[in-house]
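Trainee: This is the structure I have questions about; it appears just below.
The values are calculated or read from the model by the stated rules, or taken from the named source; none is laboratory data. Keep in mind the model is a prediction, meaning the values are calculated, not measured. Positions of Cβ are backbone-derived with ideal geometry, glycine not excepted, and every protein chain shown enters the neighbour counts.
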């Protein structure tokens, strides 16, 4: 019998960070111990959601907050988000500017659905977080990657951004701090990107989910710098509040000119067809934003130690070079023998996995042009896991 036909848009979906897991699961079935360094989920290791946030979720459920929420998000949560953006990032927005989503991933999906049509182009950093390219392709658009300079800490190449603008360009994506490279863009760089967007009448999408996970330098929000350039900010609770599995995020429209009025209305329409985000989790989100913030500093201090350890170990391994990240919890090292010893980074990742049980993510999963020859490694894992993984990787490279 003939299989049922499925749409082209779903057949082409890729998400390297999770697609790679199937190979590891097959090895686990054979009894092999796997050390997972592929997904940026601190709660999977030795971090835990703060007790006051967990209590708030239970209290919300027990008090009866189990109804459908308003589609754009409960107003008291949107008010708390505005307070947080003002307090932390100096950004002035109103609850009417905010849309609550099921994590940043849904925020990306809704935004791309509202701005991308057949043949439209979205300019994004290379390497990039995969959903930006996947959702652009899903809505029949074309992802266009601007160069980030590895030798300069993966700083965006402003001249290259200018070269990539075309009549089909709809938006420029900024991921700051960056996933997968861990780059932290300075104010001058962000301002230069905003100037290009303003010059060409383009929307800026600014992903700031790691805004509170920075190490040496202060993070500066795109919306704080922007004047009349419209910005859609994307953020959430997964990382700073250790609520990865709770799936709570948001987007906001920073727009002093009124240019985003129709876009906001259309995104709000999208929220209605998916009904709402989870009500008890939204209630807990309010408590997260307004409650104690001490855990963030403690988490960042631990992550800094793990970053320093991981970078040091990688730089000591012959055949690997690594740029030190300034934000988030990823490193994106270059594997020097890819192209000679290994045909591509996927072959390298599978070779490492089969021989050591350490699971990494191939760099091409973050965009072929600038990701190839690299791998992404998470360093939010506990020190024991990191040490075992680095020892195994070092021994593996010595034998190659």
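Trainee: Part of a helix (DSSP H, G or I) and either within 22 Å of the chain's Cα centre (by Cα) or under 22 Å from residue 240 (Cα atoms) (or both): which single residue out of 194, 205, 184 fits that description?
Mentor: Going through 194, 205, 184 in turn, the sole match is 194.
Trainee: Tell me, which helices (runs of 4 or more DSSP H) lie completely within region 322-400 with 2 or more residues that are within 22 Å of residue 13 (Cα to Cα)?
Mentor: Ranges flagged: 345-356, 368-371.
Trainee: Then there's this: Of the residues that sit in region 21-37 and are in contact (Cβ under 8 Å) with a residue 12 or more places away in the chain and part of a helix (DSSP H, G or I), which one is farthest from residue 131 (Cα to Cα)?
Mentor: 27
Trainee: Return yes when residue 274 is under 30 Å from residue 194 (Cα atoms) and either assigned by TED's automatic domain parsing to the domain that holds residue 153 or crowded, with 20+ Cβ neighbours inside 10 Å (or both) and no when it is not.
Mentor: no
Trainee: Turning to a different aspect of this structure: Considering each of 91, 99 in turn, give the residue that is more than 26 Å from residue 391 (Cβ to Cβ), outside any loop (DSSP other than H, G, I, E, B) and in contact with a helix residue (DSSP H, G or I) (Cβ under 9 Å, 6 or more places away or on another chain).
Mentor: When all the criteria are applied, what remains is 99.
Trainee: Confirm whether residue 40 is surrounded by fewer than 19 Cβ atoms within 10 Å (Cβ to Cβ) and part of a loop (DSSP other than H, G, I, E, B).
Mentor: Judged against the criteria, residue 40 is not a match.
Trainee: Related question: What number of residues in region 182-197 are in contact (Cβ under 8 Å) with a residue 60 or more places away in the chain and within 14 Å of residue 218 (Cβ to Cβ)?
Mentor: Residues that pass the stated criteria total 1.
Trainee: Further question on the same structure: Can you confirm whether region 221-231 contains a residue that is touching a helix residue (DSSP H, G or I) at 6+ places or on another chain (Cβ under 7 Å), in contact (Cβ under 8 Å) with a residue 60 or more places away in the chain and under 16 Å from residue 328 (Cβ atoms)?
Mentor: For region 221-231, residues touching a helix residue (DSSP H, G or I) at 6+ places or on another chain (Cβ under 7 Å), in contact (Cβ under 8 Å) with a residue 60 or more places away in the chain and under 16 Å from residue 328 (Cβ atoms): present.
One line per residue, one yes/no per condition, for (1) crowded, with 19+ Cβ neighbours inside 10 Å; (2) assigned to a helix (DSSP H, G or I); (3) touching a helix residue (DSSP H, G or I) at 6+ places or on another chain (Cβ under 6 Å):
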| residue | (1), (2), (3) |
| --- | --- |
| 108 | yes, yes, yes |
| 118 | no, no, no |
| 125 | yes, no, no |
| 143 | yes, no, yes |
| 147 | yes, no, yes |
| 159 | no, yes, no |
| 166 | no, no, no |
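Trainee: Report whether or not residue 18 is assigned to a helix (DSSP H, G or I) and touching a helix residue (DSSP H, G or I) at 6+ places or on another chain (Cβ under 7 Å).
Mentor: In short, no.
Trainee: Are any residues in region 363-393 under 15 Å from residue 315 (Cα atoms) and buried (at least 16 other Cβ atoms within 10 Å of the Cβ), and if so, which ones?
Mentor: If the condition is that a residue be under 15 Å from residue 315 (Cα atoms) and buried (at least 16 other Cβ atoms within 10 Å of the Cβ), then 374, 375, 376, 377, 379, 386, 389, 390, 392, 393 are the ones that fit.
Trainee: Here's a follow-up. Residues being without any contact (Cβ under 8 Å) to a residue 24 or more places away in the chain and within 20 Å of the chain's Cα centre (by Cα): count how many of those fall in region 86-141.
Mentor: 0
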